[in-house]
Amino acid sequence: MKMLKTIDLKKIYGKGENEVYALKGINIEIEPHKFTSIVGPSGSGKSTFLHCVAGLDKPTSGRVYLDDMNIYNLNDDQLSQVRRQEFGFIFQNFNLIPVINVYDNIILPVSIDKKKENKEYINNLIEKLGLKSQIMKFPNELSGGQQQRVAIARALANKPSVIFADEPTGNLDSKTTAEVVEILKMCISEFNQTLVMITHNEDIAKTADRILTIIDGKIIDDLRNKEML
Ligand code: ADP
C-alpha cells in the first residue's frame, strides 16, 4: 500500500526566451489500489507530470514522495532501483525488445537486476493475460493488442506498487482497446496494483476511480468516482 504524493511540482523546459512552464506547481496524492486517469489537451503537461512522478524526469523544483521516501533525494542508482522495483511502465508504442522472445521480454525487469523470476507468479501473469501460446514468439510475430499485453506483463513482472501508462491504447483499435483496459483493471484487483493512466479516450477515462484534468501545467479538475468517497 504505497501512496504517491507530489508537493509543488514544477517543470521548466529550456532557458531564457525558450522557457516552457510545463508544470506549474502540482500538489496531489494518488491513492494505492485505484485507477487514476489523467486527461487534458495535447501539450498541457500530462506526460511531463507522469514522467516526473514516475522518477523518469527530474522536476525543476518540488518533491515526489513514495510513502515517506523523497525519490529525487536518491542517487541515480537508487532511483533506477526504485523505478525497476516499485514502478511498471506501459507506453503507446509498447517498447518491447525485438531480438528476445516474449517470455524474456516479460521477465526483463527481473533479469536486469540479475534475479531469478518467480516462475509461479510469472506463469500466472502469462495465463491471466492470455499469452500462454505466445511466449516463445518474438514481438514482431504478435498483433498490436498482444504486444501491449506483453508490455503489461513486463510492467507487472516485478510486482510493482504502481503502473504508469502513457496512452497505452493509442495504437490499438477500439475492440483491442477495450480488452487491454479490462486487463489493466483486472490487474488492479488481481495483483493489487495502483494504475495511473494518461488517455485521450473519454470512455476509458470515465471508468477510472478518479479523473485528473491537467490544463496548462495545472490540475484544474479532480473528479472522483462516487464509490471512492
Ligand atoms: P502532454 O503530455 O499533455 O501532451 P507534455 O507534458 O508532453 O504535454 O508537454 C507539456 C509542454 O512542455 C508542451 O508545451 C511541450 O511542448 C513542452 N515540452 C515537453 N517536453 C519537452 C522537452 N523535452 N523540451 C522542451 N519542451 C518540452
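The values are calculated or read from the model by the stated rules, or taken from the named source; none is laboratory data. Remember, predicted model here, so these are calculated numbers, not experimental data. Virtual Cβ from ideal backbone geometry, glycine too; neighbours counted across all protein chains shown. The accessibility values were calculated without ligands, DNA or RNA, using every heavy atom of the protein model including side chains. Shrake-Rupley method; radii C 1.70, N 1.55, O 1.52, S 1.80 Å.
Please list the non-local residues whose amide H lies under 5 Å from the amide H of residue 163, H modeled 1.01 Å from N, same-chain partners needing a gap of 5 or more.
Residues meeting the criterion, in which the H sits 1.01 Å from N, are 88, 194, 195, 196.
Please list, in order along segment 104-119, the HN-Hα scalar couplings obtained from phi with the Karplus expression 6.51 cos²θ - 1.76 cosθ + 1.60 (θ = phi - 60°), rounded to whole Hz, x for Gly and Pro.
Residue by residue, segment 104-119 yields 5, 4, 5, 8, 3, x, 7, 5, 4, 7, 6, 9, 8, 6, 7, 4 Hz.
Beyond a 21 Å Cα-Cα separation, which of these cross-linked pairs lie in this structure: 34/115; 34/116; 58/218; 34/159; 2/175; 46/206?
Table pairs above 21 Å Cα-Cα are 34/115; 34/116; 2/175.
Considering only the chain, what is the antiparallel percent among its DSSP beta bridges, to the nearest 5?
55
For segment 4-228, with all protein chains present and a 1.4 Å probe, just round the carbon and sulfur fraction of the accessible area to a whole percent.
48
At 1.4 Å probe radius, can you tell me the per residue accessible area of the chain in Å²?
50
Please give the solvent-accessible surface of residue 200 in Å², to the nearest 10, using a probe radius of 1.4 Å with every protein chain present.
Result for residue 200: roughly 120 Å² accessible.
Between residue 159 and residue 202, 0.36 nm times their residue separation minus their Cα-Cα distance comes to what?
Answer, rounded to one decimal: 12.6 nm.
Treating only the Cβ of Lys, Arg, Asp and Glu as charged (+1, +1, -1, -1), what charge dipole size does the chain show about its Cα centre? Round to the nearest 20 debye.
With only Lys, Arg, Asp and Glu charged at Cβ, the dipole is about 320 debye.
What's the center-to-center distance, using Cα atoms, between segment 1-25 and segment 37-92 in Å?
Here the two parts' Cα centres lie 11 Å apart.
Short version: ³J(HN,Hα) in whole Hz for each residue of segment 159-168, in order, from phi by Karplus 6.51 cos²θ - 1.76 cosθ + 1.60 (θ = phi - 60°), x for Gly and Pro, what are they?
For segment 159-168, the Karplus curve yields 6, x, 6, 10, 9, 9, 10, 10, 6, x Hz.
Please list, in order along segment 90-98, the HN-Hα scalar couplings obtained from phi with the Karplus expression 6.51 cos²θ - 1.76 cosθ + 1.60 (θ = phi - 60°), rounded to whole Hz, x for Gly and Pro.
With coefficients 6.51, -1.76 and 1.60, one gets 10, 10, 4, 9, 6, 6, 7, 8, x Hz.
Working out 0.36 nm times the residue gap between residue 95 and residue 137, then minus their Cα-Cα distance, what length gain in nm do you get to one decimal?
Stretched out fully, the residue 95 to residue 137 stretch lengthens by 13.5 nm.
What is the local net charge at residue 12, summed over the other residues whose Cβ is closer than 10 Å to its Cβ (Lys, Arg +1; Asp, Glu -1)?
Taking every other residue near residue 12 into account, the sum is +3.
Add -39500 (n - 2.57) for each DSSP H run of 4 or more in the chain, then divide by its residues: what number comes out at 222 nm, to the nearest 500 deg cm²/dmol?
Using -39500 (n - 2.57) per qualifying helix, the result is -9000 deg cm²/dmol.
Distance in nm between label sites at residue 1 and residue 74, each 7 Å beyond Cα in the beta-carbon direction?
2.2
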